[in-house]
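Worksheet: one structure, shown below.
The values are calculated or read from the model by the stated rules, or taken from the named source; none is laboratory data. Bear in mind that the values here come from a model prediction, so they are computed numbers and not experimental data. Note: ideal-geometry Cβ built from the backbone for every residue, glycine included; neighbour counts use all protein chains shown. Note: accessible area is taken over every heavy atom of the protein model, side chains too, but ligands, DNA and RNA are not part of it. Shrake-Rupley method; radii C 1.70, N 1.55, O 1.52, S 1.80 Å.
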Amino acid sequence: GEIYRFMTKPWNDDDLKNTIEHSWKRYQLLKQNRELLKLIRSQHDHLQHLTENLKKIIENRIESTTRFQHAIRAKKVQLEVTYSIIKGLAEAKNLSGIFQIILSELKKMIPFETASIVFELGIDQYHLIQPTSGSLKKGLHTFPIPLKHFPIIQKTFENQSPLTVKEAPGILWN
């Protein structure tokens, strides 16, 4: 406990009564202040927790927005390349012209020094187009290719998904 006020004898009843009332009110106010302080601290902790959660949500949204922006940019480039390829194919006069258009447009998306294209003419009829002398501008060479000897390429045609490799099977570059 603590002492609120000293009183001397003989005391005045009204003064004693006022002192007791004031000490009781003071006690109630101190108790209420402690409860309010406890509530404020609790609310502060809760707000801090909510702030951290909101911060994580915002960071995740920013990250996913950035990913979506990159994906949209990539799709835009793909659409532009597809449009250029379609436009170029309409203007191409031969297989060599088609190959040059495809390769020049693909270079916009995937940098490479040289490339070969395998295409399907019919059931089990595949042809390889590749540049002669390792240069895309010096000329092209086309010849049939048996896919059974090249499982990685055969798998691409079975799955109907494009394949990009850094090193192709031997026949493609020899």
With all protein chains in place and a 1.4 Å probe, LEU50 shows an accessible area in Å² (nearest 10) of 80 Å²
In cubic angstrom per residue, the convex hull of the stretch 1-103 built on its Cα atoms measures 109 Å³
By accessible area of protein heavy atoms, probe 1.4 Å, what ranking do ILE86, ILE152 get, highest first?
-> ILE86, ILE152
For ARG41, net neighbour charge (Lys/Arg +1, Asp/Glu -1) across residues whose Cβ lies under 12 Å away | 0
To the nearest 10 Å², what's ARG34's accessible area with a 1.4 Å probe?
-> 140 Å²
Rounded to the nearest 20 Debye, what is the dipole magnitude of the stretch 6-64 about its Cα centre when Lys and Arg each give +1 and Asp and Glu each give -1 at the C-beta?
-> 100 debye
Would you list ILE145, ILE123 from the most to the least accessible area, probe 1.4 Å?
-> ILE123, ILE145
